[in-house]
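Asker: What follows is a single structure, and I will ask about it in a moment.
Rule-based calculations on the coordinates, nothing more; no lab input. From a predicted model like this one, the values you see are computed outputs, not experimental measurements. Here the Cβ positions follow ideal geometry from the backbone for every residue, glycine too, while neighbour counts run over all protein chains shown.
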Amino acid sequence: MSETTPTPEEGVTPQRISGTLPIEARAVFRLSSAIFYLIGLLVTGALVAAAYWFDWPTWIQIGLIVLVVIDVVYSLIDLIWFQKWKQERFTYDVQPLEIRIHHGIITTHDVLIPMTKVQYVHAEQGPLLRKYGLQTITIGTAAGSHDIYAIEESFAKTLREQIAIYARIEEEDVV
C-alpha cells in the first residue's frame, strides 16, 4: 500500500484495509509480559524471604511458596502460548463505513465501530514498540477508545490517515 491514500474527491473508490498483527508483535507482547511477571516474582520472592527471616507461621510460608510456584507456572504458560495466540487471533478490518476489531483468547471480543462515531485517531509508540518498528493506533469514540496493537510503523501512518479520511467522509454525509 502506498504512503498516501487518495481522497474520494479525486474519484477513487475507498478501499477496505484488513489484516493481522505482524510476527514482531509477539516479541513485544512477550517482553512486556516478562517484565510484568519478573516484578511479580521479585515481590513474592521478597515475601518468601521475609517469611523465613522473620519466622512467620508455617502456613504463611507454605502459602507464599505455593504462590511463587503458581506464578512461575502461569507466567511460563502465558509467555509460551497465550502471547502467541494473542498475536495470531487479533484481526482488524477498516471499511469506509465501519471498523471491526476482533481479539481474544479465552473470551473473544468483536468490536464494531461506525465511522460516524470516530472522534480521533491516535498513534502511540513506547520503547518496546520503537525497538521493533511498531506502533499502536487508538481509535477514540464518545464511548471509549479501541486499540489496534503493534502494527508496522509505516503502515500505521497510512492506516491512521485512511481512518481519518473515512471518518471525515461520514461526517460530511451526515451534515
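Asker: For the chain, find the longest principal axis of its Cα atoms and tell me its angle to the long axis of helix 58-77, 0 to 90°, nearest 10.
Answerer: It is inclined by approximately 30 degrees.
Asker: Now a separate question. Size of the dipole of the chain about the Cα centre, Lys and Arg at +1 and Asp and Glu at -1 on the beta carbon, nothing else charged, in debye to 20?
Answerer: The calculated dipole for the chain is roughly 600 debye.
Asker: Order 61-71, 151-161, 16-26 from most to least packed using the mean count of other Cβ atoms within 10 Å.
Answerer: Most protected by this proxy first, the peptides run 151-161, 16-26, 61-71.
Asker: Kindly rank 103-113, 125-135, 89-99 from highest to lowest mean number of other beta carbons found within 10 Å of each residue.
Answerer: Those peptides, ordered most packed to least, come out 89-99, 125-135, 103-113.
Asker: To the nearest Å, what is the center-to-center distance of the range 22-62 and the range 102-172, using C-alpha atoms only?
Answerer: Using only Cα atoms to place each centre, the spacing works out to 32 Å.
Asker: Indicate the gyration tensor shape class of the chain (rounded, prolate or oblate), computed on the Cα atoms with a ≥ b ≥ c the square roots of the eigenvalues: a/c under 1.5 is rounded; otherwise a/b larger than b/c is prolate and the rest oblate.
Answerer: prolate
Asker: To continue, here is another question. Choose one of GLY63, ALA50, TYR92: the residue whose Cα lies farthest towards the positive end of the charge dipole of the range 48-96 (beta-carbon charges +1 Lys, Arg; -1 Asp, Glu; about the Cα centre).
Answerer: TYR92
Asker: Continuing with this model, one more query. So which lysines pass the test for LYS157, namely a Cα distance under 22 Å, with those fewer than 8 places away in the same chain ruled out?
Answerer: Hits, sequence-local ones excluded: LYS117, LYS131.
Asker: Let me ask another. Restricting to Cα pairs below 8 Å that are 6+ residues apart, what does the relative contact order work out to for the range 91-164? Please round to a whole percent.
Answerer: 23 percent
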